[in-house]
Structures are given as C-alpha cells and as structure tokens.
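Enquirer: There's a structure below that I have some questions on.
The values are calculated or read from the model by the stated rules, or taken from the named source; none is laboratory data. On a predicted model such as this, the values are computed, not experimentally measured, just so you know. Here the Cβ is made from the backbone with ideal geometry for all residues, glycine too, and neighbour counts use every protein chain on show. Keep in mind that these areas ignore ligands, DNA and RNA; they rest on the heavy atoms of the full protein, side chains included. Shrake-Rupley method; radii C 1.70, N 1.55, O 1.52, S 1.80 Å.
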Amino acid sequence: MGGDRPIYNFIVILEIAGKPIWWIILLMIPCVNIIVAILVFISLAKAFGKSEAFGIGLALLGFIFFPILGFW
C-alpha cells in the first residue's frame, strides 16, 4: 500500500475484499480502524485463496505478507 493516494488505495482494497466502500469512513475513526482493517485484510486474504491467519499477517506484518500475496 502507500503511494501518493492512500485513500484510493484503500478503496481498491475494499473492492477486492468485497466490502462496501463506505467502510472507508470507519477506517478514519480512531480505535475502530484497527478492527475494520483486520477484517478487511482477512477478507482480502480469502479473496486470494489464503487463510484467515494470513489475513492477520497482512494486518500486522504487511511488509512481509503483501509481497508474498503479490508474488505467490
């Protein structure tokens, strides 16, 4: 993730994960955003055929798990 358009990046991730776009508002609320991000990353992992544990890895150690998701 990252780049110069972080909100758009999260909108694309929400679309891939199959979550509604209005969840972007939940991602801007302190403390709620942690739970919502974990749920989104678990759904993103499932969309790519990975386990729920992989989704938690995406949330906690994204710099390791996102390249794995992208290249394997």
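Enquirer: Which value in deg cm²/dmol, rounded to the nearest 500, describes the helix-derived mean residue ellipticity at 222 nm for the chain, given -39,500 (n - 2.57) per DSSP H run of n ≥ 4 and division by the residue count?
Expert: Theoretical 222 nm ellipticity from helices: -21000 deg cm²/dmol.
Enquirer: Follow-up. Would you mind putting 39-45, 26-32 in packing order, based on average other-beta-carbon counts within 10 Å, highest first?
Expert: Descending packing order for the listed peptides: 39-45, 26-32.
Enquirer: Something else: In the chain, carbon and sulfur make up what percent of the accessible area (probe 1.4 Å)? Provide the component values of the computation, followed by the final result.
Expert: Details: 3420 of 4740 Å².
Exposed carbon and sulfur together represent 72 percent of the surface.
Enquirer: Under 1.5 on a/c is rounded, so check that first for the range 1-68, then, if it is not, pick prolate when a/b is larger than b/c and oblate when it is not; a ≥ b ≥ c are the square roots of the alpha carbon gyration tensor eigenvalues.
Expert: rounded
Enquirer: Please give the per residue accessible area of the chain, computed with a probe of 1.4 Å over protein heavy atoms only, in Å².
Expert: Value for the chain: 66 Å² per residue.
Enquirer: Under 10 Å, Cα contacts only: if you run a Gaussian network model on the chain, which one of Ile38, Ile13, Ile25 comes out with the highest mean-square fluctuation?
Expert: Between Ile38, Ile13, Ile25, it is Ile25 that shows the largest mean-square fluctuation.
Enquirer: Please build a GNM for the chain, connecting alpha carbons under 10 Å apart, and tell me which residue among Ala17, Ala47, Ala59 fluctuates the most.
Expert: Evaluated over the chain, the most mobile residue of the options is Ala47.
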